[in-house]
1. Using modelled amide H (1.01 Å from N, peptide plane; none on Pro or chain starts), what sits under 5 Å from the amide H of Thr202, excluding residues fewer than 5 places away?
2. Could you work out the Rg to Rh ratio of the range 187-274, with Rh taken as the Kirkwood radius (inverse of the mean 1/r over all Cα pairs)?
3. Using modelled amide H (1.01 Å from N, peptide plane; none on Pro or chain starts), what sits under 5 Å from the amide H of Met269, excluding residues fewer than 5 places away?
4. Tell me, what HN-Hα J-couplings in whole Hz come from the Karplus equation 6.51 cos²θ - 1.76 cosθ + 1.60 at θ = phi - 60° for each residue of the range 134-139, using x for Gly and Pro?
5. Output wanted: per-residue J couplings in Hz (rounded whole) for the range 248-257, from phi through Karplus 6.51 cos²θ - 1.76 cosθ + 1.60, θ = phi - 60°, x for Gly and Pro.
6. Measure out, as a whole number of angstrom, how far apart the alpha-carbon centroids of the range 182-210 and the range 233-270 sit.
7. So, in nm, how far is label Glu267 from label Arg25 when the simple model puts each one 7 Å beyond its Cα toward the Cβ?
8. For the residues Ser141, Ser176, what sequence is obtained by ranking on other C-beta atoms within 10 Å, fewest first?
Amino acid sequence: MNIKEYIESGILEAYVLGALTEQERASVEADMVMYPELANEVAAIEAAMQSFAEANAEEPPAHMQQQIWNAIQQSATQSVSEPQSVQEPKQQPKVVEIAPPVRPTWQRAAVWAAVAVSVLTNFMLLSQRNKTKDEIAQMTSQMDSLKASQQQVLAEYKKGRDMLVDTAMKTVVMRSTQTGKEMTGMMFWSKTTGESYLTIHTMPMPEKGKQYQLWVIQDGKPVSMGVIDNNLVANAGMMYKIPMHVKGGQAFAISLEKEGGNPTPTEVMAVGAI
């Protein structure tokens with residue numbers, strides 16, 4: 001027998017924990033009689049588990065200790081009161097059996113219970129720690145996102161401030177062309193770079209299937225600068241950079257068109273001269 005492989009197989013731990021069948025236990029006990037190294041290893045395993053159980057044990061309540069003691073006394077009383085048949089012993093040759101040291105079953109059960117409780121506790125603590133890590137990572141991600149958003153807002157504010165103090169930037173106010181309807185929008189247009197920015201102030205939300213469209217009048221002809229997102233209308237005062245660069249013109253205008261826009265304006269809502 002390869003003693004090292006036998007020990008490393010885990011069967012001795014299973015023996016100590018009472019996890020073997022009767023046949024397997026008998027086989028292990030027979031092997032321990034033949035190989036003292038196995039008996040020594042079993043003793044070491046039991047000592048280690050006993051130390052672990054004692055280190056992690058909790059003092060049971062006083063009333064539970066009393067209940068256990070009463071049960072032990074009752075069991076002992078019943079054992080003494082039971083009649084025992086007495087037979088004359090027959091003369092038999094003496095046989096000395098060398099049995100490995102084996103702890104009572106209740107001790108192995110206590111060790112196994114302590115191990116199970118410790119494993120469950122460690123699992124719960126590990127799960128809680130992992131949950132806490134996930135929550136911290138989520139909060140960190142949210143904080144990073146908020147920080148990036150704040151930095152973007154700050155950058156837009158600085159850009160708008162610089163734009164307003166730029167002498168090359170022209171402000172064009174577009175006012176309503178329809179009597180009794182207060183509608184205004186503003187264009188900030190750089191004569192040097194051709195960049196332009198739009199803000200909507202008092203424009204009603206288009207009805208379903210409709211959308212506002214921005215125009216620049218060049219040489220008396222309207223040139224489309226694209227449709228205006230309804231979010232810009234809903235969030236009055238928000239500044240939006242127009243992708244198209246404008247090198248010159250006589251006026252800016254806003255019209256109400258079908259969703260997606262038209263090649264030419266059909267219902268002009270507001271106009272502002274440059």
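1. Counting only residues 5 or more places away or on other chains, the set is Thr184.
2. Values: Rg = 12.3 Å, Rh = 13.1 Å.
When Rh is taken as the Kirkwood radius, the ratio is 0.94.
3. Those qualifying (amide H under 5 Å, at least 5 residues apart or on another chain) are Ile254, Ser255, Leu256.
4. Going residue by residue, I get 5, 5, 5, 5, 5, 5 Hz, with x marking Gly and Pro.
5. Rounded to whole hertz, the list is x, x, 9, 6, 10, 8, 10, 10, 9, 10.
6. 6
7. Result: 9.2 nm between the two label points.
8. Numbers: Ser141 10, Ser176 18.
Least crowded to most crowded, the residues run Ser141, Ser176.
Quick note: the coordinates plus some simple rules give every number you see, no bench work behind them. No experiment lies behind these values; they were computed from the predicted model shown. All Cβ positions, glycine included, derive from the backbone under ideal geometry; neighbour counts span all protein chains shown.
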